[in-house]
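The values are calculated or read from the model by the stated rules, or taken from the named source; none is laboratory data. What you see is a predicted model; the values in this text were computed from it and never measured. When we count neighbours, we look across all protein chains shown, and the Cβ atoms used for this are built from the backbone with ideal geometry, even at glycine. The protein model used for the area step is the full one, side chains on, heavy atoms only, and it has no ligands, DNA or RNA in it. Shrake-Rupley method; radii C 1.70, N 1.55, O 1.52, S 1.80 Å.
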Amino acid sequence: MAVTTVPPSGPTSTPPPRTEILKSIAPATGEVIGEVPVCSAADVQAAVARARVASVSWGALSYAEREEELVRWRRALAEAADELADLISRENGKPPLDGMVEVFMALSHLDHAAHRAAKALRPEKVSTGLLANFRATVTYHPLGVVGVIGPWNYPIFTPMGSIAYALAAGNAVVFKPSELTPLVGVKLVELAQRSLSIPNVLQVVTGAGPTGAALCKAGVDKLAFTGSTATGKRVMAACSETLTPVLMELGGKDPMIVAEDADVDAAAEAAVFGALTNTGQACISIERIYVAESIYDRFVDKVVAEVGKVKVGGDDGHLGAMTSPQQVGIVKDHLEDAVRRGARALTGGAEAISGNFIQPTVLVDVTDDMKVMKDETFGPVIPIIKVRSTDEAVRRANESSFGLGSAVFGKHARAIADRIRAGMTSVNSVMAFSAITALPFGGVGESGFGRIHGDHGIREFTRTKATAEQIFNLPMNMMSFKTPKGTNERIRGMIKQLFGTGAVARAKDLLGKLR
Ligand code: NAD
């Protein structure tokens, strides 16, 4: 953890600079559960400088050695699972079970990244084309230092999607957790520092927006940002000043399509989970449901019945507290806007909000001009829309500036899935793509770009290098001014042969068609 250094005090010394403190507050009780320092720009720069040193030794380890190190960290986290789950639950407001599930998911990714890196980053030999006397290779190298800025909704799972993959690829990481969940971030890094043999391979800098902004300007080799689209744009603007590459995991407005041949009960149960889990505070929450008119009434009835079984609050509740009063305010605003414009709440509603606890709302008669249909709600709200055809459902699902996750239910759901403009789709399920560690995770449009998880996620944190190696000489050397007489004619002939209507070109074209 970055520690703010306080100069020695004494009669002649200037007064020590006051370290600002960030308090962590449990959303379910309002209790202060801990505090951390607010790291200044100088603290952040110092952390990046330490990481730069660490990255040299870490990047020089073999894949097998890094795997061993990361497995040690994974074991330490697994041993601390109870403590971590409890801390996540207290700091974020989610039920203890959800905290434990989050630890499980985070460790699945750490495990995958640790074991997979060597395969994902193995050098690739590629065709040399005409340069038959060459060997051509693509290799992947660590970037150096990666900055990771995380959100509060899944305070360990979400940042792990970047941290584990960046570390496995051979980078050192400086992590800035959300100001709403700093203790989880500190714990994660504390266990890494105890487990990894090289100091400062993973560090944490705590604080709010200004600390994150300082990380963008601290000279990292890549900035992996997970958070809202609005902040993502600010991060990207800041990083553009130094041409620091960015990975953007931003907001979503995930659609779900329920075709007329879908299993209505299964789809409704999945919809309720997909929209409500984590109190709807998931970037891949189901936020709009398009249902074929022939099954619409049955689907709505089943959703309402399932929502009736959802318990809010308490250790055994399905839904915990919302993580912040600000988020409660956004949900309330969306509900009031929808009802003002003619929507009906079949359950819950703005009146059913009590402090940080929100009863889930099923909304019908929603229209596309409502905030709840356009903006990310990030709360326990289920807007259901009747559609006349699959084509209409796909068109309306795609009419969003976001494009993160999505879900389709029906006998032909797989084919419909390919028509959805989104980074990820679950077929006859919800959110499953995020639990499959080998699948790339990320969005399009205002949901961001770049991919975490899977092989794509490991390569995301590398620099791709092309190497062309001459292995023997040929009389005609294209990389030389010593061109024999007649070279021009020979090249002209080759152009015709290879790319015009020559026999070789025609054979290649035919082979291409047969492939
Ligand atoms: P946020 O944008 O408010 O904050 C995210 C992080 O950015 C925090 O750590 C914050 O301190 C930091 N930050 C704020 N201002 C900054 C600045 N100017 N420069 C650098 N960093 C700055 O987001 P949030 O409210 O913490 O998280 C919720 C959002 O995250 C939702 O929109 C959700 O959809 C999104 N999210 C996306 C994914 C994904 O993988 N696509 C995953 C989880 C959450």
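Being more than 21 Å from the chain's Cα centre (by Cα), at negative phi and open to solvent by 10 Å² or more (accessible area, probe 1.4 Å), is that true of even one residue in the range 245-255? No, because not a single residue in the range 245-255 is more than 21 Å from the chain's Cα centre (by Cα), at negative phi and open to solvent by 10 Å² or more (accessible area, probe 1.4 Å).
Could you grab me the full set of residues in the range 219-228 that are part of a loop (DSSP other than H, G, I, E, B) and more than 9 Å from the ligand (Cβ to nearest atom)?
Listed by number, the residues that qualify are GLY219, VAL220, ASP221.
For THR437, are the conditions met, namely being hydroxyl-bearing (Ser, Thr, Tyr) and more than 30 Å from ALA267 (Cα to Cα)? No.
Taking every residue in the range 88-111 that is closer than 19 Å to ILE25 by Cβ and pairing it with any residue that is acidic (Asp, Glu), at least 6 positions away or on another chain, the pairs with Cβ-Cβ distances below 6 Å are ILE88/GLU102; PRO96/ASP315.
Just checking, does the range 288-300 include any residue being under 30 Å from ALA415 (Cα atoms), crowded, with 22+ Cβ neighbours inside 10 Å and either within 10 Å of the ligand (Cβ to nearest atom) or hydroxyl-bearing (Ser, Thr, Tyr) (or both)? The answer is yes; a qualifying residue exists. Applying the condition of being in contact with a Ser or Thr (Cβ under 8 Å, 6 or more places away or on another chain) and among the acidic types (Asp, Glu) to the range 68-116 and asking which residue is least open to solvent (accessible area, probe 1.4 Å) yields GLU91. Scanning the range 163-218 for residues that are within 22 Å of MET248 (Cβ to Cβ) and more than 16 Å from the ligand (Cβ to nearest atom) yields LEU167, ALA168, ALA169, ASN171, ALA172, LEU202. For the range 122-129, does any single residue satisfy the condition of being open to solvent by 50 Å² or more (accessible area, probe 1.4 Å) and on the phi > 0 side of the Ramachandran plot? For the range 122-129, residues open to solvent by 50 Å² or more (accessible area, probe 1.4 Å) and on the phi > 0 side of the Ramachandran plot: present.
A search for C-beta distances below 8 Å between a residue of the range 478-493 that is at pLDDT 90 or above and any residue that is open to solvent by 100 Å² or more (accessible area, probe 1.4 Å), counting only pairs 6+ apart in sequence or on different chains, returns nothing.
Would you pick out the residues in the range 184-199 that are touching a helix residue (DSSP H, G or I) at 6+ places or on another chain (Cβ under 8 Å) and either more than 11 Å from TRP152 (Cα to Cα) or outside the structural domain of ASP86 (by TED's automatic domain parsing) (or both)? So that I can check it myself, show each step before the final result.
Residues of the range 184-199 touching a helix residue (DSSP H, G or I) at 6+ places or on another chain (Cβ under 8 Å): 184-185, 187-188, 191-192, 194-199.
Hits for the range 184-199 are LYS187, LEU188, LEU191, ALA192, ARG194, SER195, LEU196, SER197, ILE198, PRO199.
Table: residues versus (1) within 19 Å of the chain's Cα centre (by Cα); (2) aromatic (Phe, Trp, Tyr); (3) modelled with pLDDT under 95; (4) open to solvent by 10 Å² or more (accessible area, probe 1.4 Å).
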position: GLY185; (1), (2), (3), (4): yes, no, no, no
position: GLN203; (1), (2), (3), (4): no, no, no, no
position: LYS222; (1), (2), (3), (4): yes, no, no, yes
position: GLY227; (1), (2), (3), (4): yes, no, no, yes
position: ALA267; (1), (2), (3), (4): no, no, no, no
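Residues in the range 323-344: is at least one away from the ligand (no atom under 16 Å from the Cβ) and hydroxyl-bearing (Ser, Thr, Tyr)? There is no residue in the range 323-344 that is away from the ligand (no atom under 16 Å from the Cβ) and hydroxyl-bearing (Ser, Thr, Tyr). Against the conditions (1) open to solvent by 20 Å² or more (accessible area, probe 1.4 Å); (2) touching a strand residue (DSSP E or B) at 6+ places or on another chain (Cβ under 6 Å); (3) assigned to a loop (DSSP other than H, G, I, E, B), ASP315 satisfies every one except (2). Return the residue satisfying two criteria in turn: it lies in the range 463-505 and is of a type in the set (Lys, Arg) and in a helix (DSSP H, G or I), and of such residues it is surrounded by the fewest Cβ atoms within 10 Å (Cβ to Cβ). My answer is ARG492. Applying the set (1) crowded, with 23+ Cβ neighbours inside 10 Å; (2) within 16 Å of the ligand (Cβ to nearest atom); (3) closer than 26 Å to ALA438 by Cβ to PHE157 leaves exactly one unmet item: (1).
Per-residue answers, yes or no, for (1) open to solvent by 10 Å² or more (accessible area, probe 1.4 Å); (2) in a loop (DSSP other than H, G, I, E, B); (3) over 25 Å from GLY454 (Cβ atoms):
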| residue | (1), (2), (3) |
| --- | --- |
| LYS119 | yes, no, no |
| VAL174 | no, no, no |
| GLU190 | yes, no, yes |
| ARG194 | yes, no, yes |
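Within the range 375-401, which residues are of a type outside the set (A, V, I, L, M, F, W, C), open to solvent by less than 10 Å² (accessible area, probe 1.4 Å) and away from the ligand (no atom under 16 Å from the Cβ)? The answer is PRO383, and nothing else.
Assigned to a helix (DSSP H, G or I), assigned by TED's automatic domain parsing to the domain that holds GLN327 and within 16 Å of the ligand (Cβ to nearest atom): is that true of THR231 in this structure? No; evaluated as a whole, the condition is false for this residue.
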